[in-house]
Each structure stands twice: as C-alpha cells, then as structure tokens.
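The values are calculated or read from the model by the stated rules, or taken from the named source; none is laboratory data. Bear in mind the structure is a predicted one, so any value in this text is a computation, not a measurement. So basically every Cβ, Gly included, is an ideal-geometry build from the backbone, and we count neighbours across all protein chains shown. Note: areas computed on protein heavy atoms with side chains; ligands, DNA, RNA excluded. Shrake-Rupley method; radii C 1.70, N 1.55, O 1.52, S 1.80 Å.
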Amino acid sequence: MKKSLEIRSVRKSFGSNEVLKGISFRIEPGEIVSLLGANGAGKSTLIKILSGAYTEFEGEILINDQPAKFNSPLQARSIGIETVHQKINEGIIPGLTVAENLLFDRIALGEISRFATPAKLVRESKEILKELDLDWNESILKDDVFNLGIADQQLLLLARALSHNPSLLILDEPTSALSNLEVARLFKIIQRLRTDGVAILYVSHRLGEIDELADRIVVLRDGVIQAIQSKPFNWEDALHEMLGISLNDAQVAQDEQRGASVVLSIKDAQIFSEGKQWSLDIRGGEVTGVIGLLGAGKTELARALYGVDKLKSGTIEFLGESYRPKSPIDAIKKGIFLISEDRARDGVLEGWSIANTASLPFLKKISSGGLMNFSKETDLAKQMIERLNVITQSHRSTVDSLSGGNQQKVMVGRWLIQDSRLLLLDEPFRGVDIGARREIAKQIRDLAREGNGAIIFSSDIDEILESADRVIVMVDGDIKYDGYLSNTSRNEIIKKMSEVA
Ligand code: ADP
Ligand code: MG
C-alpha cells in the first residue's frame, strides 16, 4: 500500500540539549528524499524517532495525513516503516545464525516457528535473498552471523528490511561498507522500490550517490532544516548550508609554514576499487590537512599508512625507502603513529591512571628486562600534562575522571611526547571543546615545525583551517585539490568538496 510520510514540528532533547529544533518535511509515495548534515546535525536522532526507537519527542508524525503513534520499533514496522540503522550492531543479533538473523522478525512474531528445522530456515532465507540477487549458500546461512564480513552484514540488514515489503524505507548510510558493485545492485533495488511507490528516506554523505538517487534533499544543521532542494541540486549551496558559516576565520594559519623535505611519498594510490588513482607527497615541517565528508576515504588512507589495511593499489615510500607495513608494529617501529577516530577503542580504559594510559603504547620503551621503569613513566606523564595543559589533579588520576577534551589531550599527547616522524590524526578534535582543540592543534604544529610530518584527517572544515598549513580535498577516494591555505579560501575548499564525479 502506498503511503506518504509527514514530519511536523518535531523537537527532541537529551537533557537540556535540544538536538532537533522543529523539523518539518514530507515524503510522497515513490519519492526519495535525502537527509544531509554534518556529524551531530541530528540525522540519526530523527531516524530513531521515525523508526519507533525514541518515543519521547514533541511534534507529530503523519502517515497518509493521519497522525500516527507508535511506541516501539515493532509497531513502526507493523505500519510499514522499515529502518536500516547506521550502526550495524543495532540490527545484527549476535549468537544467531545468518538465516535466523534474516528471519528474526518473523520468528519473533511467530510467523515462523522457533522450532523450525534449519532446512526450513535456509529455504525461507533463500527466498528473501533472491530479492537482492544474493546467492549465499547453505553453509553461510547456517553459520554464526558473526562470521559474516561487515559488507555482508549490511546486505543482510537490507534484505531483512526489504523482506517486509515496507511502505516507507529509511536507510541510514547504507553504502558505507559496500563495494561499487554492491552499491550498484542496491541502487537498482531502490529504483524499483520507488517505481512501486515506496517512500524512501536516504541518509548518505556521498554526494554522487545522492545526486543519482534523490528527488529532493533536506539539509540539516544543528537540529534545524537549513534548506530543501529539488533536482537539479546545487551542491555548493548545499554544502554551505550544511557546514554553516565559519566563526573563526581570524584563526586561520597566521604562521603558515611550507615544509621542504618529503617524508612520505604515495604513488598511484587507489582507495576504493574502481576508484581513481593519484599520487601525493607529504612533507615534514608542515601540517597537512585532509578534508572530506564522511566516507570520502580518509580513514581508509590513514589505516593504510598505519599498516592496518592495504591500499587497493599503489606504492608508498617513507624517508626514501619502500614502505610496506604489515601491521601497526611496522609503522610504530618507523615512528609512524596513528591516533584513531575511535577514542574509546583506542584506549580510554576505565580506572586507568593518566600515566598508565599515556605509556600504554610504549611499554617496551620504558621497561627493561620485563620491569617497568615507573619513574620514567611518571616523568613522561608529567611532561605531557604540562605541555598540553591537561586539567587534572595528578598524573595518578584516572583517565575516565577527565572531561572529554582532557581525555583527548591525553590520547593525543601520549604520542606527541614520543619521537614520531609522521603523526596521523584521524578526527582528533571530535567531541573536543574549542580550547582543547587549540592546544592540541598547537602541539601538532610544534611537532611538525621540528621537521616531522603530520596529517590531520577531518570532515570539519574549520578544524582544518585552524590547524593545517596545507589542505587536501578528498571526494569519493579521489583528490580534488592540494594547496596551501593561503592560496585558497573556505569557499573554494567547499566548492572542491562539492565536486560530484
Ligand atoms: P547525526 O546522526 O546527524 O550525526 P545524531 O542524531 O547522532 O547526529 O546526534 C545529534 C546530537 O545529539 C549530537 O550532539 C549528539 O551528541 C546528541 N545525541 C545523540 N544521541 C544522544 C543520546 N543518546 N544521548 C545524548 N545525546 C545524544
Ligand atoms: Mg548519524
């Protein structure tokens, strides 16, 4: 059945923090609307309201012009709203097989018996997978879902959503883990659903994808709709609306430095399969800022340089020698350090002192014969606390007792006090207040001024303007611009970021 969706004056707060400030728009049957917004704009929160995950909010949701009230995801689903969430672990149920995951809702609703034979589950699953042209065999279907790769888990969630024949389909970054081939397959299905009259809300940061798929775009910033555009889209305007006006132009690189010696040289690199190839030199003495929207390939590049993943193609030289890291151990040995975007996983361990946390990656260096040199650990920690102005009682205080900004200072600072030759920082300022951001940025610049390489990867243009000397604009795994900040402007960078292939 065809259904329209209307969102009317929706407001949502977490405590005193209002993150949706009166959202209103409509999606007609057979229409694809794309929701665009920077990190933290409120996209996922809106989606959780529409999917029944959040029931506390102000405003109204109307389905076919009738106020709809649903108090759980199951109720939202029963009126035809299917959602594929951004975080895969919000949909995958660990401990069950692939088939059980595919059929989970139908098993939960009693449509399929909980005691159905594995053979029946496999048969039913294959029916669902046909929709997506997936031919997973019996042994995959009977395997623990945990053994599926991340792309296949994403496809599983899509297949499950489609198996309920939704009237409204909500996709939050559905292509982030998919290859080009899988994206093409997904697009075919989405086009078919549109023809069938399904209303689709599509969240993505890949402008090329949105350009191809969407009928309209809704641009969200800080919980407020900035603009709604119909085709053909003006991406430059959309990015300006999405990123907002810079509040700190005055802070831009007053002491821009240009490095001389090449530290790292990347040749014929390709980040995504079938993507374009490019070459790049990173110089010591300057801070290189790599800017790109979520999914542009920044994290992939950082991880390749750190030895976690490999580039799809290309060669890397570090200090004039071929560099082919098999793991971060190889990278760290050469003085290449990565501060990853995932601070929690990166080692804010509950109950650990600042000193312990700071020395964690360097235990070998500050111990001998298996014994820790505690005075050395203490010295390093005190040095770091002073240099980064970490607000704390003592180096023995636990890291989780610090504010977010000060935690991040410790996470960045522990690398800064070591001898690094190339520092890779993936979203180092996320969730950090502006004061901490400036102190961290200054330390990174100081480190580079000693002749070291430093690359900051960020999707926030103002962070790059404030901390880098040179800027590289990355779009869909390709480099669209490479130059010094004094030769370009915020507007020009946004224009390059909006270049849709
Ligand atoms: P987006 O999906 O556009 O990146 P989100 O909807 O995830 O944005 O977040 C919007 C804002 O709401 C952010 O400032 C975020 O920190 C805050 N937020 C999101 N979820 C919660 C939560 N469960 N509790 C408190 N604050 C939250
Ligand atoms: Mg989100």
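In segment 99-116, is there at least one residue being among the basic types (Lys, Arg), farther than 30 Å from ILE27 by Cα and at pLDDT 85 or above? Among the residues of segment 99-116, not one is among the basic types (Lys, Arg), farther than 30 Å from ILE27 by Cα and at pLDDT 85 or above, which makes the answer no. Is it the case that segment 95-103 has a residue that's β-branched (Val, Ile, Thr) and within 15 Å of ligand 1 (Cβ to nearest atom)? So far as segment 95-103 goes, no, none of its residues is β-branched (Val, Ile, Thr) and within 15 Å of ligand 1 (Cβ to nearest atom). For PHE337, the conditions (1) surrounded by fewer than 19 Cβ atoms within 10 Å (Cβ to Cβ); (2) hydrophobic (A, V, I, L, M, F, W, C); (3) at pLDDT 85 or above are fulfilled apart from (1). Condition check for LYS2 on (1) within 16 Å of ligand 1 (Cβ to nearest atom); (2) surrounded by fewer than 21 Cβ atoms within 10 Å (Cβ to Cβ): one failure, at (1). Residues of segment 107-139 that are under 27 Å from GLN191 (Cβ atoms) and open to solvent by 60 Å² or more (accessible area, probe 1.4 Å): LYS126, GLU127, LYS130, GLU131, ASP133, ASP135. Please work out if ARG303 is closer than 25 Å to ASP476 by Cα and either modelled with pLDDT under 85 or open to solvent by 30 Å² or more (accessible area, probe 1.4 Å) (or both). For ARG303, the condition - closer than 25 Å to ASP476 by Cα and either modelled with pLDDT under 85 or open to solvent by 30 Å² or more (accessible area, probe 1.4 Å) (or both) - is met.
For every residue, the table says whether it meets (1) within 16 Å of ligand 2 (Cβ to nearest atom); (2) open to solvent by less than 20 Å² (accessible area, probe 1.4 Å); (3) not basic (Lys, Arg).
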position	(1), (2), (3)
ASN147	no, no, yes
LEU155	no, yes, yes
SER204	yes, yes, yes
LEU213	no, yes, yes
ARG216	no, no, no
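Figure legend. Inter-residue proximity from segment 481-501: first residues closer than 17 Å to GLU256 by Cα, second residues basic (Lys, Arg), beta-carbon distance below 8 Å, spacing 6+ or different chains. Indicated pairs: ASP482/ARG470; GLY483/ARG470; TYR484/ARG258; TYR484/ARG470; LEU485/ARG470. Listed by position, the helices (runs of 4 or more DSSP H) enclosed by segment 122-218 that each have at least 1 residues that are over 23 Å from the mean Cα position of the chain (by Cα) and in contact (Cβ under 8 Å) with a residue 12 or more places away in the chain are 138-142, 150-162, 180-195. Screening VAL287 on (1) at pLDDT below 95; (2) surrounded by 14 or more Cβ atoms within 10 Å (Cβ to Cβ) shows it passes everything except condition (1). Take segment 473-501 and flag every residue that is modelled with pLDDT under 90 and buried (at least 20 other Cβ atoms within 10 Å of the Cβ). Correct list: ASP476 only. Filtered by the rule that a residue be modelled with pLDDT of 95 or more and charged (D, E, K, R), segment 14-47 gives GLU18, LYS21, ARG26, GLU28, GLU31. Filtering segment 407-422 down to residues that are under 21 Å from the mean Cα position of the chain (by Cα) and polar (S, T, N, Q), which residue is least open to solvent (accessible area, probe 1.4 Å)? Per the criteria, the residue is GLN408. Of the residues making up segment 177-201, those that are of a type in the set (S, T, N, Q) and farther than 15 Å from SER34 by Cβ are SER179, ASN180, THR195. Residues satisfying the criterion are absent from segment 222-245 (criterion: in the same structural domain as TYR306 (by TED's automatic domain parsing) and part of a strand (DSSP E or B)). Taking LYS276, is it assigned by TED's automatic domain parsing to the domain that holds ASN487, among the basic types (Lys, Arg), without any contact (Cβ under 8 Å) to a residue 24 or more places away in the chain and assigned to a loop (DSSP other than H, G, I, E, B)? No: the conditions fail for LYS276.
ALA53: under 30 Å from GLY15 (Cα atoms) and either within 16 Å of ligand 2 (Cβ to nearest atom) or not assigned by TED's automatic domain parsing to the domain that holds ASN147 (or both), yes or no?
yes
The residue that is farthest from ILE170 (Cα to Cα), counting only those in segment 78-106 that are surrounded by fewer than 20 Cβ atoms within 10 Å (Cβ to Cβ) and of a type in the set (Asp, Glu), is ASP105.
The residue that is most open to solvent (accessible area, probe 1.4 Å), counting only those in segment 423-437 that are more than 16 Å from ligand 2 (Cβ to nearest atom) and under 18 Å from VAL471 (Cβ atoms), is ARG437. Taking every residue in segment 46-57 that is within 11 Å of ligand 1 (Cβ to nearest atom) and pairing it with any residue that is part of a helix (DSSP H, G or I) and open to solvent by 10 Å² or more (accessible area, probe 1.4 Å), at least 6 positions away or on another chain, the pairs with Cβ-Cβ distances below 6 Å are ALA53/PRO73; TYR54/LYS48.
Note on segment 172-202: among residues that are among the β-branched types (Val, Ile, Thr) and away from ligand 2 (no atom under 15 Å from the Cβ), the one that is most open to solvent (accessible area, probe 1.4 Å) is THR195. With respect to the stated conditions, ILE47 fails to be farther than 30 Å from ALA151 by Cβ, open to solvent by less than 60 Å² (accessible area, probe 1.4 Å) and among the hydrophobic types (A, V, I, L, M, F, W, C). If you go through segment 11-32 and keep only what is away from ligand 2 (no atom under 16 Å from the Cβ) and open to solvent by less than 10 Å² (accessible area, probe 1.4 Å), you end up with ILE27, ILE32.
Here LEU141 fulfils each of the conditions (1) more than 16 Å from ligand 2 (Cβ to nearest atom); (2) more than 21 Å from GLU127 (Cα to Cα) apart from (2). Would you mind stating whether SER139 is small (Gly, Ala, Ser), more than 30 Å from LEU239 (Cα to Cα) and modelled with pLDDT of 90 or more? Considered against the rule, which asks whether it is small (Gly, Ala, Ser), more than 30 Å from LEU239 (Cα to Cα) and modelled with pLDDT of 90 or more, SER139 comes out as yes.
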